[in-house]
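A short write-up of the structure that comes next.
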Amino acid sequence: MFCRFLLCLLLMLPLTVDANNNVDLEATMKNMGLALKQAREAASPQAAIPFIGKLTELTEQAKMARFPEDKAQTYLEGLDKVLLTLQRARIAADAGDEQQLQQALTEVDKLRRHYHKQRKVSFWQLLFG
């Protein structure tokens, strides 16, 4: 009986792993934008901590998404830079340093804008591939 249960569990494992790799990147990015906005508008550095945590969690989730092969390395590099900057933001928030916190969150926003530009496809690329 136990062997059958174990066999069924092992057979279902690849399905579970594959389901976890299907990340809705668009929804994740929208939620990241919302968490960033909430962190920037928080009343105090301590109030920003949950939003920084959520943003970190969503960034880790975005790293699991499937990216186009030609841009995957660029996107993952950008997400790693965001995670490093969020660590700085978390340290500033823990220390109650509003100025350093806002500086780190501004840098996250600049990274977001930069890597979103990388995503855009030109008209000529659409026509000729």
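The values are calculated or read from the model by the stated rules, or taken from the named source; none is laboratory data. Since the model is a prediction, treat every value here as computed from it, not as a measurement. As a convention, Cβ positions derive from the backbone with ideal geometry for all residues, glycine included, and neighbour counts pool all protein chains shown.
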When you check G78 against the structure, is it at positive phi and modelled with pLDDT of 85 or more, yes or no? no
In the stretch 24-43, which residues are closer than 16 Å to A104 by Cβ and either of a type in the set (S, T, Y) or without any contact (Cβ under 8 Å) to a residue 12 or more places away in the chain (or both)? K37, E41, A42
I'd like to check something: does the stretch 45-55 contain any residue that is hydrophobic (A, V, I, L, M, F, W, C) and in contact with a Ser or Thr (Cβ under 9 Å, 6 or more places away or on another chain)? no
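Quick check on E69: is it modelled with pLDDT of 95 or more and within 28 Å of N22 (Cα to Cα)?
Numbers: modelled with pLDDT of 95 or more: no; within 28 Å of N22 (Cα to Cα): yes.
No: the conditions fail for E69.
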